[in-house]
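To start, the structure under review is shown below, and the notes come after it.
Bear in mind that the values in this text are calculations on the coordinates, not laboratory data. For clarity, every value in this text was computed on a predicted model and none was experimentally measured. With ideal geometry, Cβ positions are generated from the backbone for all residues, glycine too; neighbour counts draw on all protein chains shown.
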Amino acid sequence: MRSKKPVRRPAGLETEEIRARQGVIDTARAMSRAGLSPGRSGNVSCRWRQGMLITPSGMAYDELVPADVVYVGQRGKMEAASRKPSSEWRFHAIVYETRPDAGAVVHCHSLNATALACAHRPIPAFHYMVAVAGGSDIPLVPYATFGTEELARLVASGLARRNACLLANHGQIALAATLAAALELAQEVETLAAQYVRVLGLGAPHILGDTEMAEVLARFKAYGQRAQGS
């Protein structure tokens with residue numbers, strides 16, 4: 001059995017920041033172990049102070065320690081001694097800039113969501129749970145080269161009124177208030193994508209209408225424990 005590396009305490013970091021960095025690592029590991037992103041693919045971030053904390057580029061998630069997580073400040077400012085951030089840091093940064101409600105972002109290359117993205121198929125309201133992404137569909141963002149400003153702008157547009165979208169010929173991205181919620185949403189998008197792929201194999205799907213999806217969205221606002229005490 002492989003021995004564990006000793007955990008290094010990042011020099012000069014407060015306990016709260018160490019916890020936040022570890023949360024990014026734990027979420028990235030959970031994403032990978034759930035099969036949402038093979039190998040070292042995908043990336044995870046959380047909002048931190050005036051910027052964000054994000055997984056480093058090209059490093060195995062199981063080998064990460066808090067010091068490896070990269071702080072990216074406003075306008076992409078980074079500390080000289082830090083690791084190189086994920087190549088997709090630009091679209092993470094623009095999400096936090098344009099969506100004040102976003103506290104975390106999960107980007108992955110999950111099998112079925114990526115298959116639909118490569119076929120340039122958004123996910124329509126074939127099932128009422130599509131509303132979990134905040135609207136009547138899970139849109140498709142047009143293709144642009146990974147890591148570019150162009151892709152970041154397209155992601156900002158795709159997530160302007162949704163909490164998840166597909167990236168053409170690439171994968172999926174989900175945002176939420178917390179790391180756990182963002183990961184859960186990414187998992188839900190993959191489940192819906194798998195179901196939609198199955199439905200397409202049976203023939204033309206029946207799509208729920210706008211009126212019904214508006215009702216579902218209204219009900220989601222009072223779903224679960226949020227409805228208590230009202």
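Structure above, values below:
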quantity	calculated
Single residue of the stretch 115-132 satisfying the filter (part of a loop (DSSP other than H, G, I, E, B) and of a type outside the set (K, R)) that is nearest to the chain's Cα centre (by Cα)	P122
Neighbours by Cβ (under 7 Å, 6+ apart or cross-chain): first from the stretch 55-84, in a strand (DSSP E or B); second of a type in the set (G, A, S)	P56/S86; V70/S82; Y71/G51; Y71/S82; V72/G51; V72/A93
Selection within the stretch 88-103 - assigned to a loop (DSSP other than H, G, I, E, B) and surrounded by 15 or more Cβ atoms within 10 Å (Cβ to Cβ)	E88, R99, A102, G103
Number of the exception - M31 against (1) touching a residue at least 60 places away in the same chain (Cβ under 8 Å); (2) loosely packed, with under 13 Cβ neighbours inside 10 Å	(2)
Residue match in the stretch 163-172 (condition: farther than 17 Å from A119 by Cα and surrounded by 15 or more Cβ atoms within 10 Å (Cβ to Cβ))	yes
Pick from the stretch 104-151, criterion in contact (Cβ under 8 Å) with a residue 40 or more places away in the chain and among the β-branched types (V, I, T), ranking: surrounded by the fewest Cβ atoms within 10 Å (Cβ to Cβ)	T148
Conditions (1) buried (at least 16 other Cβ atoms within 10 Å of the Cβ); (2) in contact with a strand residue (DSSP E or B) (Cβ under 9 Å, 6 or more places away or on another chain); number of the one not met by A177	(1)
